[in-house]
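See structure below.
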Amino acid sequence: MCLAMRAAKEGSMQLAKRYAMLAKRIAVHYNLHDKQIKNSICKGCKVPLLPDLTAVVVVSSSKRQIIYACKFCGRESKIKY
């Protein structure tokens, strides 16, 4: 995931998508249940979710969740805390 985030920061979204897909494929192949990988990739367009770069982050204290909204496809993912 480190390579995907570095590529996204440099502006190469196609390379970031490729690295994210490879990280997810490796995690699935080895049956890893890593929430960091699961929550850091957009499920719609497969872009790594980075605050203020590829995602908008909203903290909802009343519902006790963090909402990540992808800037490319608009899909929201909610993580409870």
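Read the figures in this text as sums done on the coordinates, not as results from a lab. Being a predicted model, the structure only gives us computed values, none of them experimental. We place every Cβ from the backbone using ideal geometry, glycine too, and count neighbours over all the protein chains shown.
Worth pointing out:
- Net charge of Cβ neighbours under 12 Å - reference residue 67; Lys, Arg +1; Asp, Glu -1: +4
- Relative contact order for region 2-80: 21 percent, from Cα pairs under 8 Å spaced at least 6 residues apart, divided by residue count.
- MRE, 222 nm, helices only [DSSP H, n ≥ 4, -39500 (n - 2.57), over the chain, to nearest 500]: -11500 deg cm²/dmol
- Neighbour-count ranking [beta-carbon atoms within 10 angstrom, fewest first] of 45, 73: 73, 45
- Span from the region 45-81 Cα centroid across to the region 7-41 one, whole angstrom: 16 Å
- Only Lys, Arg (+1) and Asp, Glu (-1) charged, at Cβ; region 18-70 dipole about Cα centre in debye: 200 debye
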